[in-house]
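Beneath this line is the structure, given in structure tokens, with notes to follow.
Bear in mind that the values in this text are calculations on the coordinates, not laboratory data. Just so we're clear, the structure is a prediction, and the values are computed from it rather than from any experiment. Backbone-built Cβ (ideal geometry, glycine too); neighbour counts: all protein chains shown.
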Amino acid sequence: MTPELRLGLLSGFGAYLLWGGLPLYFRLLDHVGPVEMLAHRILWGLPTAIIFIAVAMRWQDVRRALTPRRIGYLAISACLIAINWLVYIWAVSAERVTEASLGYFINPLVSVLLGMIFFSETLRRAQWIAIGIAACGVAVLTWELGRLPWVSLVLCFSFATYGAVRKTVSVDSRIGFAIETALLFPIAFIWLAWFQQTPDGGWLGDGTLLDWFIPLAGPITAVPLILFALAAKRLKLATIGMMQYLTPTLQFLIAVLVFREPFGPVDAVAFGLIWTALVVFTVDSVLGDRKARRLARAARLAE
């Protein structure tokens, strides 16, 4: 295993474990509205990113990254991640973490589709079957809810697309996150300045818990996202997709065992189909990687 691959794997595992525990943080601060929490994530995320850049002494790279093309791509990724954050925060406050976790279970398969569309990554027959089974799981949940599980779909498509955009941009993960939050910062700052003047705005006046835990939104947001960007630049989208199972598994367990969200027989069928799809996809990916390594080894020996 090369050092670059090892760094990618460690970064990916770290990002997904931290994301998996996020519902606990947002439930602790569920008295903060979703839009206000989103604004705080942006507000505290930017200084956190600047600290990371200062420690690494990467200011020259920041200047090189400020090209129209890169800023354009990062503006798109900033919008995508802001949508993802807002919907996820709302889902936790609305006690729909189970539905949110379903979105992140589907995400790996969406990542694979985007890899095929934008990066010429090929799909084998078993992978297509896995995607079909997952679609059946979404259909079952849609039938039970009487509507599309929009929380799941928005979360999976926004984050999978975010990963594809960031893979396109040749920018260090810390610098990319700093530029994304810098682009969003003026909107968040103006909105928070206005909100603090309303009757509902009470930060720095509602007690120690609110005062000390809200600024943690910066590192809690920045660290896993930077780790994810490190992994995305070093691993295939298919590998990123498989590793992502960690996040929704932790979220699902927290939703059912800690938050006691309802989980009935139809939910079990829907999740069972999704998990079956993931098993099919994972087994096929592992076998495919082993076959590719054997062929590469045989080619080297033939030379």
Treating only the Cα positions of the stretch 63-112 as identical point scatterers, give the base-10 log of I(q)/I(0) from the Debye formula at each q in 0.14, 0.30, 0.32 Å⁻¹. -0.52, -1.05, -1.09
Ratio of Rg to Rh over the chain (Cα coordinates, Kirkwood Rh, two decimals): 0.99
Relative contact order for the chain: what percent, with Cα pairs under 8 Å and sequence separation of 6 or more? 40 percent
Output the DSSP H helices from the chain with an along-axis C-alpha extent of no less than 24 Å and a mean Kyte-Doolittle hydropathy no less than -0.5. 3-20, 34-56, 68-93, 97-119, 125-145, 150-168, 173-195, 217-234, 265-302
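Less than 15 Å Cβ to Cβ from Arg96, Lys/Arg counted +1 and Asp/Glu -1: what total charge do the surrounding residues give?
Taking every other residue near Arg96 into account, the sum is -3.
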Could you please rank Arg260, Arg174, Arg70, placing first whichever residue has the fewest other Cβ atoms within 10 Å of its Cβ? Arg260, Arg70, Arg174
With Gly137 itself left out, Lys, Arg at +1 and Asp, Glu at -1 over residues whose Cβ is under 12 Å from its Cβ give -2
If each DSSP helix of 4+ residues adds -39,500 (n - 2.57) and the sum is divided by the residues in the chain, what number results at 222 nm, nearest 500 deg cm²/dmol? -27000 deg cm²/dmol
How much length would be gained if the chain were fully extended between Ser170 and Leu287, taking 0.36 nm per residue of separation minus their Cα-Cα distance, in nm to one decimal? 39.0 nm
Answer in debye to the nearest 20: the dipole magnitude of the chain about its Cα centre, from +1 Lys/Arg and -1 Asp/Glu charges placed on Cβ, is 1540 debye
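For Glu99, Glu121, Glu4, which order do you get if you count the other beta carbons within 10 Å of each Cβ and list the fewest first?
The order, fewest Cβ neighbours first, is Glu4, Glu121, Glu99.
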Charge dipole of the chain about the Cα centre (unit charges at C-beta), most positive-ward option of Ile50, Gly146, Ala231: Ala231
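By average Cβ neighbour count within 10 Å, what is the ranking of 265-272, 244-251 from highest down?
With the highest mean Cβ count within 10 Å placed first, the list reads 244-251, 265-272.
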